[in-house]
Amino acid sequence: QKEVEQNSGPLSVPEGAIASLNCTYSDRGSQSFFWYRQYSGKSPELIMFIYSNGDKEDGRFTAQLNKASQYVSLLIRDSQPSDSATYLCAVTPGGGNKLTFGTGTQLKVEL
Amino acid sequence: EPEVTQTPSHQVTQMGQEVILRCVPISNHLYFYWYRQILGQKVEFLVSFYNNEISEKSEIFDDQFSVERPDGSNFTLKIRSTKLEDSAMYFCASSERGPGWGYTFGSGTRLTVV
């Protein structure tokens, strides 16, 4: 069973639309949840993190966490072509000293 | 904005040779990590390091790998005898407060074993 699962995409959305990216995780003891953005050939860049059930907003980005369903999502409002990248979901397993990453979802924002 | 610096950006080495990948974490960070990403695959954890010792390592991090913090600023990953399958992008990361608070990645070293 994969620890962190994401749909690989590509997810295509028109410019200005809302992009919705989803992630599920298998370890119920996971404590912290992260979204990273990775442009091709570059390193992951932290967008935001969430610990508690519910929503957390930061600018155009909203992270949503549902621990009962073991589900975390990222909404990107007013999508821009510069948002085109691979979005990586990552979790910290219970008691662990690492991040476990999903394979990422490729987002394409089209003009 | 503070950065994690990695050198070299690209290293080509022959199979069986030793390589040392270098990292300078953000100065006030206490937790250090190495990850790798094989082309087209996910980012994989290798090792975490805190208080001058390894705090966790993955099954990838076998006896061929070692880490060291030789001074107050550098953090290195050594691969003793490289294999073709070690070809990957290696990322160093650091965190001020631990993995639960996220961390900052360096720009990476692309290792190519020929």
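The values are calculated or read from the model by the stated rules, or taken from the named source; none is laboratory data. Because the structure is a prediction, the values reported are computed rather than measured. When we count neighbours, we look across all protein chains shown, and the Cβ atoms used for this are built from the backbone with ideal geometry, even at glycine.
Below are the figures for this structure:
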| read-out | value |
| --- | --- |
| Qualifying residue in region A:32-47 (condition: among the acidic types (Asp, Glu) and either under 19 Å from residue B:105 (Cβ atoms) or free of Cβ contacts under 8 Å to residues at least 40 places away in the same chain (or both)) | yes |
| Residue selected from region A:59-109 under the condition of a type in the set (A, V, I, L, M) and within 15 Å of residue A:11 (Cβ to Cβ), by the criterion farthest from the other protein chains (Cβ to nearest Cβ) | A:109 |
| Residue list for region B:38-87, filter: more than 19 Å from residue B:25 (Cα to Cα) and among the polar types (S, T, N, Q) | B:41, B:58, B:64, B:81, B:82, B:87 |
| Scope region B:8-29; condition assigned to a loop (DSSP other than H, G, I, E, B), touching a residue at least 60 places away in the same chain (Cβ under 8 Å) and not acidic (Asp, Glu); matching residues | B:8, B:9, B:14, B:15, B:16, B:17, B:25, B:26, B:28, B:29 |
| Residues of region A:1-46 satisfying the condition of being within 21 Å of residue A:94 (Cβ to Cβ), exposed (fewer than 12 other Cβ atoms within 10 Å of the Cβ) and among the polar types (S, T, N, Q) | A:1 |
| Single match in B:67, B:43 (criterion: out of contact with any Lys or Arg (no Cβ under 7 Å at 6 or more places or on another chain), under 22 Å from residue A:35 (Cβ atoms) and either crowded, with 20+ Cβ neighbours inside 10 Å or within 8 Å of chain A (Cβ to nearest Cβ) (or both)) | B:43 |
| Subset tally (residues that are under 15 Å from the mean Cα position of the chain (by Cα), part of a loop (DSSP other than H, G, I, E, B) and more than 9 Å from chain A (Cβ to nearest Cβ)) for region B:70-107 | 6 |
| Residues within region A:71-84 that are in a strand (DSSP E or B) and either of a type in the set (S, T, N, Q) or crowded, with 21+ Cβ neighbours inside 10 Å (or both), tallied | 4 |
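The rows are residues; the columns are (1) at pLDDT 95 or above; (2) within 16 Å of residue B:105 (Cβ to Cβ); (3) not small (Gly, Ala, Ser).
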{"position": "B:22", "(1), (2), (3)": "yes, yes, yes"}
{"position": "B:32", "(1), (2), (3)": "yes, yes, yes"}
{"position": "B:46", "(1), (2), (3)": "yes, yes, yes"}
{"position": "B:61", "(1), (2), (3)": "yes, no, yes"}
{"position": "B:64", "(1), (2), (3)": "yes, no, yes"}
{"position": "B:72", "(1), (2), (3)": "no, no, no"}
{"position": "B:82", "(1), (2), (3)": "yes, no, yes"}
{"position": "B:87", "(1), (2), (3)": "yes, no, no"}
{"position": "B:92", "(1), (2), (3)": "yes, yes, yes"}
